[in-house]
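All remarks here apply to the structure that follows.
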Amino acid sequence: MDDFIKLDDILHSALVEDIGAGDLTTAAIVEPGKRGEAVLLARENLLLAGMVVFRRVFELLSHDVAIETFFEDGQNVPAGEKVCLLKGPVDVILKGERTALNFLQRMSGIATVTQKYVREVNDKAVRVVDTRKTAPGLRMLDKYAVTVGGGHNHRSGLYDGILIKDNHIMAAGSITRAIVLARGKSPHTIKVEVEVEDLAGAEEAVKAGADIILLDNMSPAAMAEAVHLINARALVEASGGITLDNIHEIARTGVDIISVGALTHSPRAADFSLELKPS
């Protein structure tokens, strides 16, 4: 999490969205200058991701909030454990609570489910990667959380990789034509990936010189045939309908990469609570 300029932009927007002109409830109830402590608890077993974001929310609100951490990103936290302790102005802690938790819950949820997928295939030489199916505006954070869970990042956006999909093929007229056009208009440093739906498409893609061939929504049996057909002339990626129940079977087909949209498009938020200590 090195890009603090982008991070601060994301967090400023989230804080403005939540606080707006001011926290009416806290202003009415909490005496100005009152100080206190709050503990962050994990309510379930989870893989922690997003502590730098959690801290930064409070730093943007006030430098007077001290946070003592007991766990850091990449560590598994048992249910009931204290993750960190916050000390400082109570009004600041309450203003930042929801925004900080929203980010931490989403990111830890992504990291936790990614770890489950990775563990299912850790006996195979295959990479589990994410997709562009991320929350708008949060892609940087979603993809960071995937890496905390042991997964890898696919392209970050349309600007840093060529992936020829079905609509591109339709626009070009054929797989071969699409690959030729992509090769002719891209730097030599950029690999060309193409999505195919059957063995005929895989054969055409490998003959046209694709660097990576994405097998979209193919059965494990068909994937195994495609891997044999491609015969290491290109990297092979499996995508579409990947679940915890079938990822190990798919890894056994010999593919090099398995992309899982579910890592980021619909993660279940990890369960935390922030509890103010009695004064």
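Using a 1.4 angstrom probe, figure out how much accessible area region 158-279 has per residue, in square angstrom, rounded to the nearest whole. Write down the numbers at each step before the final one.
Working: 6470 Å² over 122 residues.
On a per-residue basis, 53 Å².
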*Using a simple spin-label model with points 7 Å from Cα along the Cα→Cβ vector, what separation in nm is obtained for residue 244 and residue 125?*
2.9
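Let me make sure I get this right: for the chain, a, b and c are the square roots of the gyration tensor eigenvalues over alpha carbons, sorted descending. Under 1.5 in a/c it's rounded, otherwise prolate if a/b > b/c, else oblate. Which is it? Show your work: numbers first, answer last.
Details: a/c = 3.51, a/b = 2.19, b/c = 1.60.
Since a/c reaches 1.5 and a/b is larger than b/c, the shape of the chain is classed as prolate.
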*Please work out how much length the chain gains when fully extended from residue 165 to residue 98, using 0.36 nm per residue of separation minus the C-alpha to C-alpha distance, in nm with one decimal.*
20.2 nm
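Mind checking the full-extension length gain between residue 198 and residue 177? Use 0.36 nm per residue of separation minus the Cα-Cα distance, one decimal, nm. If you can, show how the numbers build up before the last one.
Details: separation 21, 0.36 × 21 = 7.56 nm, distance 1.76 nm.
Full-extension gain reported as 5.8 nm.
Listed here are the pairs 165/185; 6/143; 87/277; 34/87; 116/165; which of them are more than 21 Å apart at the Cα?
Correct reply: 116/165.
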_Which residue fluctuates most in the GNM of the chain (Cα springs below 10 Å): 112, 253, 147?_
253
*Take the alpha-carbon centre of region 119-190, take the same for region 208-279, and report the distance between them in whole Å.*
12
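Using a/c under 1.5 as the rounded threshold, could you call region 1-98 rounded, prolate or oblate? The axes a ≥ b ≥ c are square roots of the C-alpha gyration tensor eigenvalues, and prolate needs a/b larger than b/c, oblate otherwise. Spell out each step's value before the answer.
On the way: a/c = 2.01, a/b = 1.29, b/c = 1.56.
The shape class here is oblate.
Keeping the other protein chains in place, figure out the carbon and sulfur percent of the accessible area of the chain, with a 1.4 Å probe. Please report the intermediate quantities before stating the final value.
Working: 7120 of 14000 Å².
Answer for the chain: carbon and sulfur cover 51 percent of the accessible area.
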*Let me know the volume per residue of the alpha-carbon convex hull for region 56-125, in Å³.*
106
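Among rounded, prolate and oblate, which fits region 95-172 when a ≥ b ≥ c are the square roots of the eigenvalues of its C-alpha gyration tensor, a/c under 1.5 means rounded, and a/b larger than b/c means prolate?
Numbers: a/c = 3.12, a/b = 1.33, b/c = 2.34.
Taking the square roots of the gyration eigenvalues as a ≥ b ≥ c, region 95-172 is oblate.
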*Measure off 7 Å from each Cα along the Cα-to-Cβ vector at residue 233 and residue 43, then give the distance between these two points in nanometres to one decimal.*
5.5
*Quick one: angle between helix 90-120 and the longest Cα principal axis of the chain, in degrees between 0 and 90, rounded to 10, please.*
30
*Setting aside same-chain residues fewer than 8 positions from residue 82, which aspartates and glutamates have a Cα under 12 Å from its Cα?*
44, 68, 72, 275
*So if R0 is 22 Å, what FRET efficiency would residue 5 and residue 191 give, r being the distance between their Cβ atoms, rounded to the nearest 0.05?*
0.15
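Take the Cα gyration tensor of region 117-233, multiply each eigenvalue by 5, square-root it, and list the three semi-axes largest first, rounded to whole angstrom.
On the way: eigenvalues 125, 80, 30 Å².
Its equivalent ellipsoid spans semi-axes of 25, 20, 12 Å.
If you take the beta carbon distance between residue 116 and residue 31 as r and set R0 to 41 Å, what does 1/(1 + (r/R0)^6) give as a FRET efficiency, to the nearest 0.05? Don't skip to the end; give the middle numbers.
Values: r = 45 Å, r/R0 = 1.11.
Approximately 0.35, to the nearest 0.05.
Arrange the peptides 154-162, 202-210, 58-66 so that the one whose residues have, on average, the most other Cβ atoms within 10 Å appears first. Could the numbers behind the result be given before it?
Working: 154-162: 13.6, 202-210: 20.6, 58-66: 15.4.
Averaged packing, sorted descending, gives the order 202-210, 58-66, 154-162.
If I stretch the segment between residue 221 and residue 69 completely, what's the gain in nm (0.36 nm per residue apart, minus their alpha carbon distance), one decimal?
Numbers: separation 152, 0.36 × 152 = 54.72 nm, distance 4.79 nm.
Answer, rounded to one decimal: 49.9 nm.
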*Please give the net charge around residue 91, taking every other residue with its beta carbon less than 9 angstrom from that of residue 91, where Lys and Arg add +1 and Asp and Glu add -1.*
0
*Within a Gaussian network of the chain (alpha carbon springs, distance under 10 Å), most fluctuating of 103, 54, 70*: 70
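The values are calculated or read from the model by the stated rules, or taken from the named source; none is laboratory data. These numbers were taken from a predicted model, which means no experiment stands behind them. FYI the Cβ positions are ideal-geometry reconstructions off the backbone, even for glycines, and counts take in every protein chain you see. With ligands, DNA and RNA removed, areas are computed over all heavy atoms of the protein, side chains included. Shrake-Rupley method; radii C 1.70, N 1.55, O 1.52, S 1.80 Å.
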